[in-house]
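One structure is given here, and the rest of the page talks about it.
Coordinate-derived values only; no laboratory data. Treat the numbers as computed from the prediction; the structure is a model and nothing was measured. Virtual Cβ from ideal backbone geometry, glycine too; neighbours counted across all protein chains shown.
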Amino acid sequence: MKIILGADHGGYELKNHLTEWLKQQGHEVKDTGVFSSDSVDYPDMTRPVVEGVLSNDFERGILVCGSGVGVNISANRFKGIRAVTCHDVVMARLSREHNNANIVTFGGRFIAKELAIEILSVWLKTDFLAGRHQIRIDKIEKLEK
Ligand code: RB5
């Protein structure tokens with residue numbers, strides 16, 4: 001799968017860990033930074049990942065900040081993005097099956113690396129169920145301004 005990642009300084013370490021794991025799993029990965037733990041503003045780190053997903057150059061996106069919240073709010077400002085912060089595997093599964101989430105976000109300061117990998121693994125392999133869920137997503141898109 002083609003996957004694009006990004007993080008602010010709060011997500012720097014976890015983003016690097018996820019990037020390495022994804023490569024080991026055979027995914028094609030683009031890491032858009034950050035490439036140091038220097039402080040940056042998370043909205044600036046969100047845009048490249050969002051654009052990668054919306055252009056269809058990448059099938060899924062991953063964003064990491066300190067809590068997972070700032071990058072989630074920023075990404076969901078873009079029409080067509082369905083970003084979810086996942087800190088457990090059930091949410092990961094449901095966000096794919098019901099919501100067709102195209103970006104997952106993590107809080108690098110709140111989740112163990114091993115759990116993040118477990119969640120990401122489920123999130124990547126779970127398919128959207130479509131049907132009645134597509135009708136609801138169509139309604140989300142009608143809410144967008
Ligand atoms: C940065 O200190 C922190 O605010 C950011 O990583 C994120 O947690 C925001 O939601």
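Across region 65-72, rounded Karplus estimates of 3J(HN,Hα) from the backbone phi angles (6.51 cos²θ - 1.76 cosθ + 1.60, θ = phi - 60°) give 10, x, 9, x, 7, x, 5, 5 Hz, Gly and Pro being marked x. Relative to the longest principal axis of the Cα atoms of the chain, helix 113-125 runs at roughly 30 degrees.
Which chymotrypsin sites (Phe, Trp or Tyr not before Pro) in region 1-52 pass both tests, a DSSP loop state and at most 12 other beta-carbon atoms within 10 Å? Please report the intermediate quantities before stating the final value.
Numbers: sites: Tyr12, Trp21, Phe35; in loops: Phe35.
Passing sites in region 1-52 are Phe35.
The lysine pair tally for the chain, using Cα distances under 14 Å and a gap of 8 or more places or different chains, is 9.
Between the listed residues Ser36, His9, Cys86, the Cα displaced farthest toward the positive end of the dipole of the chain, a dipole computed from Cβ unit charges relative to the Cα centre, is found at Cys86. Roughly what angle does helix 12-24 make with the longest principal axis of the chain, taking Cα atoms, 0 to 90 degrees, to the nearest 10? Approximately 70 degrees, to the nearest 10.
Within region 89-145, the GluC sites (Glu not before Pro) that combine a DSSP coil assignment with at most 15 other C-beta atoms in a 10 angstrom radius are Glu144. A crude spin-label estimate for the pair Ser55 and Phe78, with each label 7 Å from Cα along the Cβ direction, gives 1.0 nm.
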